Amino acid sequence: MASTSSKRKRAHKGSPKRGSKRASTELLELVHDAIIIRDANGTIHYWNRGAERMYGWTAAEAKGRISHEVLKTEFPESMEEMHKTLFGTGRWEGELSQRTKNNDRLLVESRQAIQSNKKGTAARILEVNRNITARREAEESLRSLSARLLQLQDEERRRIARELHDTTGQSLAALAIHLSAVNERVAALDPIASDILREALQLSQEASDQTRTLSYLLYPPTLDFSGLKSALEWFADGFTQRSKIKVSLDLSLGDERVPQSLETALFRIVQESLTNMYRHSGGTEATVRGRRQGNIVSLEIGDNGKGMSPEVLASLTGSVAQVGVGIRGMRERARQLGGKFRIKSDGTGTTIIVAMPIRESSRDDEYRARGLAPVARA
């Protein structure tokens, strides 16, 4: 009798553990993400319903197989490096490219952790994968739209600049000539009218100068006909005159022209950087350094202002750029041409660093389409 009672007690004592394990398993089955448990060799031991829905393989089909072979996984780094991190720190996170049973490509956000046994050695690897394919496609569509909007913005700037120069600018110049001629005839007859005409002549000249400056700021013709170096020299000189901020140029960009899209992007980045400095940094000096090494053009635009706080810097690291808005616009220009963009800032100033690849195949086609030939800088 005692023996039977002891067995019941042991059974009763062990049931909560079995119930807890069963509840944990049921919870794993309810999760929409794919949950995989595999050993150190990659052999699958557990495959939840989320994995079945995501990949199309049933648990019976997946268990006992090597996970990266079943899913045709493409890693962002070598498997050796990944395992070095996983087994060294106990965790690994990253994005993986995988395939479903129907060979559809998925981009997944993967989190992996080591489950050690009582001896302290790695027993199993817990893996949770989330399908982010749709999200990435949406982000890429937004980036493509952003790139197109930036391109349209530059084209519209070029068109307005030419209209201002060829129509409004010419009309103002003609107006100044006519006012000057009238003033010469009126001066001897009516001194008061002559003074009014002289003032009108001065105003027309100022309007002409402002129109020409606005036209060049929208899109400097030197960028088309003389190249990036000449355009930056013109802009830096005018910026110093308008803002009273000294800009030093140190440009070694070589004699051969780069593609027009690259020249435009680099010019806009310098223009936006110096404009931001004038508005926000409180600095008195700026430096623009440009280098070409092989097929890479790099720029550094720095100032001696008050710099940015860590909070401001953190707010500017979003993955989706806002088109044409300050630093996010600059980052988007660099990204769409395959370049790298970063910011260094502290209490002694801010530096924008850009490195852009030169895509040689696009250069001649671009210039031919615009009726221009690549020319050497003076």
remark   = Per the filter on region 138-155, residues in contact with a helix residue (DSSP H, G or I) (Cβ under 9 Å, 6 or more places away or on another chain) and among the charged types (D, E, K, R) are ARG143, ASP154
note = Of the residues in region 131-175, those that are among the aliphatic types (A, V, I, L, M) and under 26 Å from the mean Cα position of the chain (by Cα) come to ILE132, ALA134, ALA138, LEU142, LEU145, ALA147, LEU149, LEU150, LEU152
message = I'm trying to understand the selection: among the residues of region 35-55, which are surrounded by 13 or more Cβ atoms within 10 Å (Cβ to Cβ) and within 14 Å of VAL108 (Cβ to Cβ)?
response = ILE35, ILE36, GLY50, ALA51, MET54, TYR55
Boolean, TYR46 is modelled with pLDDT of 90 or more, within 37 Å of the chain's Cα centre (by Cα) and of a type in the set (Phe, Trp, Tyr) = no
ask   = Looking at LEU172, LEU228, LEU203, which is the one that is surrounded by 18 or more Cβ atoms within 10 Å (Cβ to Cβ) and more than 23 Å from GLN271 (Cα to Cα)?
value = LEU172
message = So GLY349 ticks every box in (1) crowded, with 20+ Cβ neighbours inside 10 Å; (2) closer than 19 Å to THR222 by Cα but one. Which box is left unticked?
response = (2)
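To keep it simple, each residue is scored yes or no on (1) part of a strand (DSSP E or B); (2) among the basic types (Lys, Arg).
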residue	(1), (2)
SER97	yes, no
ILE114	yes, no
ARG135	no, yes
GLU140	no, no
query = Is it the case that some residue within region 170-187 is modelled with pLDDT under 75 and either within 30 Å of GLY329 (Cα to Cα) or not in a helix (DSSP H, G or I) (or both)?
reply = yes
query = Would you say LEU197 is farther than 30 Å from MET330 by Cβ, surrounded by 13 or more Cβ atoms within 10 Å (Cβ to Cβ) and either out of contact with any Pro (no Cβ under 8 Å at 6 or more places or on another chain) or of a type outside the set (Phe, Trp, Tyr) (or both)?
reply = yes
task = Being assigned to a loop (DSSP other than H, G, I, E, B) and loosely packed, with under 14 Cβ neighbours inside 10 Å is the filter; apply it to region 116-132 and report the residue that is modelled with the highest pLDDT.
result = ASN117
message = For region 133-156, check the following and say yes or no: at least one residue is more than 24 Å from ARG331 (Cα to Cα), exposed (fewer than 12 other Cβ atoms within 10 Å of the Cβ) and modelled with pLDDT under 90.
response = no
message = Tell me the residue from SER298, SER261 that is touching a residue at least 40 places away in the same chain (Cβ under 8 Å), of a type in the set (Ser, Thr, Tyr) and in a helix (DSSP H, G or I), please.
response = SER261
task = Among what's in region 262-313 and is basic (Lys, Arg) and touching a helix residue (DSSP H, G or I) at 6+ places or on another chain (Cβ under 7 Å), pick the residue that is farthest from ARG242 (Cα to Cα).
result = LYS306
task = Give the residue that is surrounded by the most Cβ atoms within 10 Å (Cβ to Cβ), with candidates limited to residues of region 63-79 that are without any contact (Cβ under 8 Å) to a residue 24 or more places away in the chain and either part of a helix (DSSP H, G or I) or within 38 Å of the chain's Cα centre (by Cα) (or both).
result = PHE75
task = Determine whether ILE301 is at pLDDT 80 or above and surrounded by 19 or more Cβ atoms within 10 Å (Cβ to Cβ).
result = yes
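The values are calculated or read from the model by the stated rules, or taken from the named source; none is laboratory data. As the structure is a computational prediction, the values presented were derived from the model and not from experiment. Heads up, the Cβs are rebuilt from the backbone with ideal geometry, glycines too, and the neighbour counts pull from every protein chain shown.
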